[in-house]
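The values are calculated or read from the model by the stated rules, or taken from the named source; none is laboratory data. None of these values were measured; they are calculated from a predicted model. Cβ placement follows ideal geometry from the backbone for every residue including glycine, while neighbour counts extend to all protein chains displayed.
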Amino acid sequence: MDRTRLHHLLARESAEAERRNPRSKAAYDRAEHLFGRVPMTWMNKTAGAFPRYLDSARGARVTDVDGHEYIDFCLGDTGAMAGHSPAVVADAVGRRYAELGGATAMLPTEDAEWVGAELTRRFGLARWSFSLTATDANRWAIRLARAVTGRPKILVNSYCYHGSVDESLIVVGPDGRGTAREGNVGAPCDVTLTSRVAEFNDLDRLERELAHGDVAAVLMEPALTNIGIVLPEAGYLDGVRELTRRYGTLLINDETHTFSAGPGGCTAAWDLEPDLLTIGKAIGGGIPAGAYGLSAELADRLLGRADLDLVDMGGVGGTLAGNALSVAATRATLEHVLTDDAFAGMAKLSERFEAGVRAGIEAHGLPWSVARLGARTEYRFTDPAPRNGTESAAAADAELEDFLHLYLANRGILLTPFHNMALMCPDTTEADVDTHTEVFAAALSELTG
Ligand SMILES: Cc1ncc(COP(=O)(O)O)c(C=O)c1O
């Protein structure tokens, strides 16, 4: 990569973003009362000097306050996998909130059992409970795993992301030992007191860690998605299941992103048998919702424990979790939008997207790789594809990524601000994908001269 050329192109695209988006820039400059000038500090993770401000979004399209329309492959980093504000979810939310009322009445609604049954049909776990975020689903699943096993530690894969869960902010350090993830804010204690870590696709390390006998649960994505997509090698997931069973450790599949693999995520697509499963983001169609599922046997063991306070201050649950609005949105999303048929169409589009990216990379002879997980495609600046999180992290190139994101955004295409992920929703079209293929190829032509 010619860095001088890259720097020049990056500066040109940054200037163009500023020229095209005066209203967004002014709004950002004015935002004196927000921590980091944004509603949430991660919104500063954007290519260029300021984020584009949202005006409206519908289906696979986003419009910013400067009047530019974008083909949205970011889709809220999965939260809008159903497309933005699908009409059927908008109706269900409107009916629940405006007509019936009672979004936070602290009473169950009949929608909840429908959603529980549907999640069982899709993912296989027999009992479900709700949260508002995937982070909380993970926190509560971890607590339940500790309670039921009596063990203190959680094992995760290096460079995983499971939300702001303290136990998960650990990586394999350069010396091979577990160490805090760089930049971890305000950790309550040394993370190695609560956690163990292995590399994805490394069963030997996993076994060594589990052999200590102190791991309550392995919390993992069946494919890593938050450091680029890293797919499991043949036999790895079977090995994880076999080892966790052998060492009395529970297995929690976090399907929040890997849901892209199909209507029942990787768990259904690859016949996995986790003890617990967590999910969030997409299932609410844009309304905050999350859930965790557990086997009937595990649920019975937990409910039979008189020493565990599962109904009040025991540390599992939140006042708004399972509220009528979130549950109504989840029902509408699963029943009518993220259906089995919709996933089939999204996967086909994603295949087309992958083919377009691959063609561009090959045409320009770049040493990059592409990976796909159902409706989700991602490229990394390394070839062959990384086998684990550490390899994938080493392939990061912030400037190159910023250039590609800005180049695409200035031409009406959004990728997720975190790496080069593109997600399809039921409203994405072949023409949208082909537009990306063209613009991506043009970006590569400029990069390689
Ligand atoms: C796999 C996974 N789990 C959990 C989360 C946390 O989701 P939320 O921030 O909605 O709590 C994320 C967020 O990206 C995720 O990718």
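Key figures for this structure:
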quantity: Residue within region 195-205 that is free of Cβ contacts under 8 Å to residues at least 40 places away in the same chain and in contact with a strand residue (DSSP E or B) (Cβ under 8 Å, 6 or more places away or on another chain) present; calculated: yes
quantity: Close pairs from region 426-442: first over 19 Å from residue 407 (Cα atoms), partner part of a helix (DSSP H, G or I), Cβ under 6 Å, at least 6 apart; calculated: 426/342; 428/349
quantity: Qualifying position, being within 22 Å of the chain's Cα centre (by Cα), basic (Lys, Arg) and in the same structural domain as residue 263 (by TED's automatic domain parsing), among 387, 331; calculated: 331
quantity: Residue selected from region 163-181 under the condition within 21 Å of residue 211 (Cα to Cα) and within 14 Å of the ligand (Cβ to nearest atom), by the criterion surrounded by the fewest Cβ atoms within 10 Å (Cβ to Cβ); calculated: 167
quantity: Every residue from region 95-116 that is of a type in the set (Gly, Ala, Ser) and either in a loop (DSSP other than H, G, I, E, B) or closer than 26 Å to residue 220 by Cβ (or both); calculated: 101, 102, 103, 105, 116
quantity: Filter pass, residue 353 being in contact with a strand residue (DSSP E or B) (Cβ under 6 Å, 6 or more places away or on another chain), buried (at least 18 other Cβ atoms within 10 Å of the Cβ), of a type in the set (Phe, Trp, Tyr) and at negative phi; calculated: yes
quantity: Enumeration of residues in region 211-221 that are closer than 24 Å to residue 256 by Cβ and either assigned to a helix (DSSP H, G or I) or more than 10 Å from the ligand (Cβ to nearest atom) (or both); calculated: 215, 216, 217, 218
quantity: Candidate set: region 206-216, residues that are surrounded by fewer than 20 Cβ atoms within 10 Å (Cβ to Cβ) and under 25 Å from residue 234 (Cα atoms); chosen: the one nearest to the chain's Cα centre (by Cα); calculated: 207
quantity: Pair list, Cβ under 7 Å, 6 or more apart: region 359-385 residue more than 19 Å from residue 425 (Cα to Cα), other residue assigned to a loop (DSSP other than H, G, I, E, B) and small (Gly, Ala, Ser); calculated: 369/385; 380/395; 381/395; 382/395
quantity: Filtered residue count, region 129-162, keeping only those that are in a loop (DSSP other than H, G, I, E, B), within 15 Å of the ligand (Cβ to nearest atom) and closer than 26 Å to residue 208 by Cα; calculated: 5
quantity: Filter pass, residue 382 being surrounded by fewer than 18 Cβ atoms within 10 Å (Cβ to Cβ) and either more than 22 Å from residue 10 (Cβ to Cβ) or modelled with pLDDT of 95 or more (or both); calculated: yes
quantity: Residue among 334, 338, 366 that alone is surrounded by fewer than 17 Cβ atoms within 10 Å (Cβ to Cβ), modelled with pLDDT of 95 or more and touching a Gly at 6+ places or on another chain (Cβ under 9 Å); calculated: 366
quantity: Checklist (1) within 16 Å of the ligand (Cβ to nearest atom); (2) surrounded by 17 or more Cβ atoms within 10 Å (Cβ to Cβ) applied to residue 295, failing item; calculated: (1)
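Yes or no, residue by residue, for (1) of a type in the set (A, V, I, L, M); (2) assigned by TED's automatic domain parsing to the domain that holds residue 260; (3) farther than 27 Å from residue 9 by Cβ; (4) more than 16 Å from the ligand (Cβ to nearest atom):
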| site | (1), (2), (3), (4) |
| --- | --- |
| 45 | no, no, no, no |
| 48 | no, no, no, yes |
| 53 | no, no, no, yes |
| 76 | no, no, yes, no |
| 102 | no, yes, yes, yes |
| 106 | yes, yes, yes, yes |
